[in-house]
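Chemist: Questions regarding the structure given below will be posed in turn.
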Amino acid sequence: MSTRAEGEAVPQEGASDTTFSVRHLWKIFGRNADSVIGTDLEHADRDRIKDETGCTVAVRDVSFDVRTGETFVVMGLSGSGKSTLIRCLTRLIEPTSGQVLLDGEDIGEAGPQRLRELRRHRMAMVFQHFGLLPNRRIIDNVAYGLEVRGMPRPDRYARAREMIDMVGLGGYENSRPGELSGGMQQRVGLARALAVDPQVLLFDEPFSALDPLIRRDMQNEVVRLQRELHKTSVFITHDLQEALKLGDRIAIMRDGELVQVGTPEEVVGRPADAYVADFTSDVARTTVLTARWLVREPFPGERTDGPTTEPGTVLAEVLPMLAASTAPVRVVEGGTLLGYVGRDDVLRAIAEDQLENAAAAAAIEGETSEELSDGATDPASASHVADLGDDGGPGGSATAGSGG
Amino acid sequence: MAAVTRPAAGSGKAAPGGAGGGGPSLLRNTWVQAAAVVAVLVAGYWATRALGGPAWAGPFPTAVGDAFMAWLDGVYGWIVVNRNDSPLFLYFFNYVSVGLGSAVVLIDQFLGFLTWPGVTVLGVLTAWRVAGWRVALLVLAAFGVFALTGLWNESMTTLALIIASVFIALLFGIPLGVLAGRSDRFHRGVRPVLDFMQIMPAFAYLLPFVLLFGIGNPAAAVVTAVYAFPPVVRITALAIREVPGGAVEAATSLGSTPWQVLTKVQLPLARRTILLGVNQTIMLAVSMVVIASVIGAGGLGDAIYQALSKVNVGQAFQAGLAIVMLAIALDRVTGAVGHGARTPDVPERLRLPLLGGGLVLTVAVVAVARLMGVRGWPREVAVDLAAPVNAVYEAVQAAIGPTTAALGAWTLDWVLGPLGSLLTGSPWWLVTLAAAALAWIFSGFGAGAVSGLAFVGAGLLGVWDNAMDTLSQVLVASALTIALGVVIGVLMSRNDVLAAILKPVLDAMQTLPPFVYLIPAVALFSIGRVPALVAAVVFALPPVIRLVDDGIRGVPAPTLEAARSQGSTKWQLLTKVELPMARGSMLLAVNQGIILVLSMVVMGALVGAGSLGFDVVFGLAQNQLGLGLASGLAIVCLGLFLDRLTQGRRAPRA
């Protein structure tokens, strides 16, 4: 199964564990936006479309699924259309065409009343620049979503207090947003989103405006909350480290299109194209790739008494084990032996990182294949093994991408 | 003759597009082109004189205008006859009129009911609560002036008129502003209307409302409300638009209805800015309520009007002082509400008790005062300023009267006279073409077309001669204003001490109603065209100075540093860097200056400046509404031309 979608390889609709399904979503800014879709301009360069129609294509034929409980990260540089994409999910920006299904319900079909219902109860958003109301106290900011729902004051204050405590801002209930630091303001934004107990959390680059240290704190906060609350989240970021840290799956966006959708390992270990490869080239692979990624069948005559480890162990932690033993590490999940990871596998995984072009990588692959027997080290089949061993956990391979 | 005109139009046509192609570059310079147009006009004037002024080369034929005026008179006659029969009047205008009249009377009576100690206590306490003790003292001083000048009742009437008209203006203005803030389409539609309303001189507003509401307080209240309402619409729209998009988006994403977004996010966040709009509206209402004395509004304006028509400088000064104090006090109080500065910091738990205490105190004062039979401030207990001021006036006139008279005569003979006869003595079509060509050269084709139409319009209204007379006064006053304004503005931008001194003076000058500028002008130059001209210059100067200063100070420091590092002298710095970079501000200064000059020159009719403004007043006084209305419309035409002429190629309005 490739991480790169082949256009038609759109996932099946309405799968029970899918919260959001996005199908062929387009957003084109400009007067005659409709004149682009369905014509041969559809696949044209963004600049050409701009020249010929005056329209700006922000999101181009994007399809993906967000599974219940997962954190789905959309990553891309500025101008790649990711903020537009997340706004289309809650129709803060009206999509030009395409479908957004929330639990099978087409959000595009919702009338104003229904849309408000969805926004009040089902999804909540955290914004890059916080979007707090400067004239209101923190508690009134956090309670805002409950207030517009019509919840009585004592109830909403009680809930808001709970949320304020949860994000660690107890004692600041009566402050105004202007009196808080950026990090604290974003905690308020987070509390406000959580207060309505939404089914889905949407994060639009929530930490980009914060200092690096504060940003790390906030990331840990999100990881912690995610562990406690298991909310389905869509998280927009331009920071790859953040994406790798928070994402169960990552979608990489470029010029309005999805280039690749996959687990952090897939994105780093098997970039779909040179763009993604370039993007991920600075990542230390040993901290992202796990044993599951490299697991393989044993070679004939290989020692099978090596140390054991979980499939989720990152390579950085597998390395010392391999150093201590000449036998390959056995990868065991819940008593089942998934396969083996040897020194060569790890070395190659690291070395691929250093090589600029695929040709060199292929050369190395060829050499190792010759040395070892019958191609068992081919990365494709390695992932095949991984697939076999996968039982629905976060290590699953990609679902979709855009038609490119 | 036609041969003479064509080059003018031709040079105009060639210029903007640079279509002349091979022509020398000199011809592309706007100022050269403008000079050429003026030269053609002067040549045309002399040629007409030489030909003995044939009919086809004279002023605009008045046949159409006369017919129009007669028709308007007929309409007015019909209205007078049918005012109590026609359903339109019976069920609408008369109701509005009676309702407004009673509203003004009711407010006036309520202020009377409070008695002077009650009004004073209420005013001072309110001022203290919203703006701090300094402003409270200022308000106290204002009430002191009302009382001691013996104009307490007039002041209360003016206050009642202002309250009524501001209420109407806000009632319509804020919802319209909110609409314009939320809907781009509505904003696009309403903006040109507001622009137009703001270039219309106050005097031009008066007559249509007389037509509908008759003469008196109701018409005054409506005209004041209409005149004062553009800023609140504009600023409310701006304020709603300035609310951070992130806050609105966040509120929307949480499922707010549009009404919830408006009431919970946009209005609270826009509050302060909207209050600044309210402040501007109040200030416009103050200036208009005085002018509306011409259509029978009572109060302080009437006192000034009466005094000016008797050339009683002393009395005019007293009433002028009262209106100045009223204007400044209202400005400071409402301005403070908008800025939120200096408001006493009262802890939240004390706010209600404080409010209650203030109310109790006011009620107690009113009760005691009424028990003691106190009503308005007794007229007998007043300091008569009129006599000493008149004495000073006599003395000033004796000392410099001859000088100012000579200066005035010189201006008339050598500047106003010749310019007036150039405009009235040239063939009307030549003047119109010249105006259109000038507007084209300075502001583009559209402006040229509008200007030409405006001149034809003024001609069709049948008041060509008076319009040209007014125009000549405006041109002279504007030239003076701009020259003085640029010089003072440049000096002010160079010298921080001068700026520190001038700023509060300019602030105060900008809050004064235009009417009061006539008083010192009359004191120095007696009556006639010259005092009107002087008043116009003084009135229009503050915003010009301020804009020039702002523009030059707005030039980025790094740019100046770079120019200095390349060895520019101060003069080179000014002429090559600062003034060119301040072009936007300068253009706006010229535009605003000229529009203000026009509104004041027209008002100068009250001190004998004649022409269009006089026709408005005369038409009112003699029941010749046709003439008055036509003159009012001609003023609008002139305003349109002057605005388009100075708009520049880049739209100066932000």
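Chemist: Could you list, in sequence order, the residues of the stretch B:396-409 that are over 29 Å from the mean Cα position of the chain (by Cα) and free of Cβ contacts under 8 Å to residues at least 40 places away in the same chain?
Modeler: The answer is B:A398, B:A399, B:P402, B:T403, B:A406.
Chemist: Here's something else I'd like to know. Return yes when A:Q99 is surrounded by fewer than 17 Cβ atoms within 10 Å (Cβ to Cβ) and either away from every other protein chain (no Cβ under 13 Å) or among the charged types (D, E, K, R) (or both) and no when it is not.
Modeler: yes
Chemist: Here are the criteria: (1) within 29 Å of B:A386 (Cβ to Cβ); (2) over 25 Å from the mean Cα position of the chain (by Cα); (3) without any contact (Cβ under 8 Å) to a residue 60 or more places away in the chain. Tell me which single one B:L179 does not satisfy.
Modeler: (1)
Chemist: Do we find a residue being out of contact with any Leu (no Cβ under 7 Å at 6 or more places or on another chain), at pLDDT below 85, crowded, with 24+ Cβ neighbours inside 10 Å and within 20 Å of B:S599 (Cα to Cα) anywhere in the stretch B:495-508?
Modeler: For the stretch B:495-508, residues out of contact with any Leu (no Cβ under 7 Å at 6 or more places or on another chain), at pLDDT below 85, crowded, with 24+ Cβ neighbours inside 10 Å and within 20 Å of B:S599 (Cα to Cα): absent.
Chemist: How many residues does the stretch B:387-433 hold that are out of contact with any helix residue (DSSP H, G or I) (no Cβ under 7 Å at 6 or more places or on another chain) and either among the basic types (K, R) or surrounded by fewer than 17 Cβ atoms within 10 Å (Cβ to Cβ) (or both)?
Modeler: Matching residues across the stretch B:387-433 total 21.
Chemist: Of the residues A:M125, A:M75, only one is touching a helix residue (DSSP H, G or I) at 6+ places or on another chain (Cβ under 6 Å), under 21 Å from A:S233 (Cα atoms) and within 14 Å of another protein chain (Cβ to nearest Cβ); which?
Modeler: A:M125
Chemist: Next question, about the same structure. Please work out which residue is farthest from the chain's Cα centre (by Cα), limiting yourself to the stretch B:226-262 and to residues that are under 30 Å from B:L100 (Cβ atoms) and within 14 Å of chain A (Cβ to nearest Cβ).
Modeler: B:L262
Chemist: While we're looking at this one, here's another question. Of the conditions (1) within 11 Å of chain B (Cβ to nearest Cβ); (2) in contact with a strand residue (DSSP E or B) (Cβ under 9 Å, 6 or more places away or on another chain); (3) in a helix (DSSP H, G or I), A:L202 clears all except one; give me its number.
Modeler: With respect to (1) within 11 Å of chain B (Cβ to nearest Cβ); (2) in contact with a strand residue (DSSP E or B) (Cβ under 9 Å, 6 or more places away or on another chain); (3) in a helix (DSSP H, G or I), A:L202 is out only on (3).
Chemist: Return a yes/no flag: does the stretch A:134-153 have any residue that is under 28 Å from the mean Cα position of the chain (by Cα), within 24 Å of A:T68 (Cβ to Cβ), in the same structural domain as A:E42 (by TED's automatic domain parsing) and not basic (K, R).
Modeler: yes
Chemist: Right, here's the next one. Residue under question is B:G314, and the condition is that it be of a type outside the set (A, V, I, L, M, F, W, C), in a loop (DSSP other than H, G, I, E, B) and touching a residue at least 60 places away in the same chain (Cβ under 8 Å); does it hold?
Modeler: No.
Chemist: Take B:V294 and decide whether it is of a type in the set (A, V, I, L, M), away from chain A (no Cβ under 14 Å) and out of contact with any strand residue (DSSP E or B) (no Cβ under 9 Å at 6 or more places or on another chain).
Modeler: yes
Chemist: Sticking with this one: Taking the stretch B:205-225, which residues are part of a helix (DSSP H, G or I) and either free of Cβ contacts under 8 Å to residues at least 40 places away in the same chain or not aliphatic (A, V, I, L, M) (or both)?
Modeler: Hits for the stretch B:205-225 are B:Y205, B:P208, B:F209, B:F213, B:N217, B:P218, B:T224.
Chemist: Out of the residues in the stretch A:137-158 that are in contact (Cβ under 8 Å) with a residue 40 or more places away in the chain and buried (at least 20 other Cβ atoms within 10 Å of the Cβ), state the one that is nearest to the other protein chains (Cβ to nearest Cβ).
Modeler: Going through the qualifying residues, I end up with A:G145.
Chemist: May I pose another question? Whether any residue in the stretch A:104-111 is within 22 Å of A:H230 (Cα to Cα) and not aromatic (F, W, Y) is what I want to check.
Modeler: yes
Chemist: If you check B:A228 against the conditions, is it in a helix (DSSP H, G or I) and crowded, with 21+ Cβ neighbours inside 10 Å?
Modeler: Against the criterion (in a helix (DSSP H, G or I) and crowded, with 21+ Cβ neighbours inside 10 Å), B:A228 qualifies.
Chemist: So B:I594 passes all but one of these: (1) buried (at least 24 other Cβ atoms within 10 Å of the Cβ); (2) of a type in the set (A, V, I, L, M); (3) over 30 Å from B:Y305 (Cα atoms). Which condition number does it fail?
Modeler: With (1) buried (at least 24 other Cβ atoms within 10 Å of the Cβ); (2) of a type in the set (A, V, I, L, M); (3) over 30 Å from B:Y305 (Cα atoms) applied to B:I594, the lone miss is (3).
Chemist: If the requirement is being crowded, with 16+ Cβ neighbours inside 10 Å and without any contact (Cβ under 8 Å) to a residue 12 or more places away in the chain, which of these qualifies: A:A44, A:A33, A:A58?
Modeler: A:A44
Chemist: Pick out the one residue from A:E109, A:E105, A:E42, A:E94 that is acidic (D, E) and within 14 Å of another protein chain (Cβ to nearest Cβ).
Modeler: A:E94
Chemist: Sticking with this one: Output the helices (runs of 4 or more DSSP H) that fall wholly within the stretch B:518-608 and possess 2 or more residues being touching a helix residue (DSSP H, G or I) at 6+ places or on another chain (Cβ under 8 Å) and among the basic types (K, R), or say none.
Modeler: The qualifying helices (runs of 4 or more DSSP H) are B:529-553.
The values are calculated or read from the model by the stated rules, or taken from the named source; none is laboratory data. No experiment lies behind these values; they were computed from the predicted model shown. No Cβ is skipped: glycine too gets one built from the backbone with ideal geometry, and neighbour counts run over all protein chains shown.
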